[in-house]
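*Asks:* Take a look at this one; I'll ask things after.
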Amino acid sequence: MQYPNIFIFDHPLIKHKISILRDKKTGMKEFRELIEEITTIMTYEAMRDVELVPVEVETPLEKTMQYRVPEESVAIVPILRAGLGMVNGVHKVFPTARVGHIGMYRDEETLLPQEYYCKLPEGIENKTVFVVDPMLATGGSASDALTALKKRGVKRIKMMSIIAAPAGIEKLAKEHPDVPVYVSTLDRCLNENGYILPGLGDAGDRLFGTK
């Protein structure tokens, strides 16, 4: 499965952390910490081509021209609710990034996503926006979230998910070929209920201690 906008990580440290993340014996605190840690590792790579501007810096010895990411140039948009678990992971790399929220839920009968909430930072159309959601299953919620951002004028979008199914990858590759999609690992398939196999269960429930 080769698509030019899909980037699947093959990093030993990520593989190690995902093996613990999957384990049903892993508790809520450790699960939440692992989500953040994996997201931080992913963010370094996803920000590889982010915009830089030259700045003059005075070291203890002399003045020099260096490069920084502009303060107001990055935003994070988690897809509620599980996407909230990835926000701190991005903030560890870029702590001044503004945060918006898009609320989606999956209809249990049709498995289709429904938007119920959208609150975005002012000027988001001029920012590089990181859309985050730990699980990319059918791809419906992610695709709709990307469409919602594009309708609001956002042109620079990156999608980050920790675990994806082939169906979700294919949907984003076909419907949003202009959006880079970063995934830590690609799983086997979806079951009849739309859950990723082998997966890790419901990421939101395991993050927040709900069922």
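*Asks:* Specify whether the C-alpha gyration tensor of region 99-207 places it in the rounded, prolate or oblate class, a ≥ b ≥ c being the square roots of the eigenvalues: rounded for a/c under 1.5, otherwise prolate if a/b is larger than b/c and oblate if not.
*Replies:* prolate
*Asks:* Just name one of Pro113, Pro177, Gly204: the one whose Cα is farthest towards the positive end of the charge dipole of the chain (beta-carbon charges, Lys/Arg +1, Asp/Glu -1).
*Replies:* Gly204
*Asks:* How high is the relative contact order of the chain, given as a whole-number percent (alpha carbon pairs under 8 Å, six or more residues apart)?
*Replies:* 23 percent
*Asks:* Once the convex hull of the C-alpha atoms of region 1-146 is built, how many Å³ does it hold per residue, rounded to a whole number?
*Replies:* 168 Å³
*Asks:* Applying the Karplus parametrisation 6.51 cos²θ - 1.76 cosθ + 1.60 with θ = phi - 60° to the phi angles of region 84-93, what ³J(HN,Hα) value in whole Hz is obtained for each residue in order, glycine and proline being reported as x?
*Replies:* 4, x, 9, 4, 5, x, 6, 4, 5, 8
*Asks:* So what's the angle, to the nearest 10 degrees on a 0 to 90 scale, between helix 28-46 and the longest Cα principal axis of the chain?
*Replies:* 50 degrees
Coordinate-derived values only; no laboratory data. Predicted, not measured: the structure shown is a model, and the values here were computed from it. Ideal geometry is used to build each Cβ from the backbone, glycine not excepted, and the neighbour counts take in all protein chains shown.
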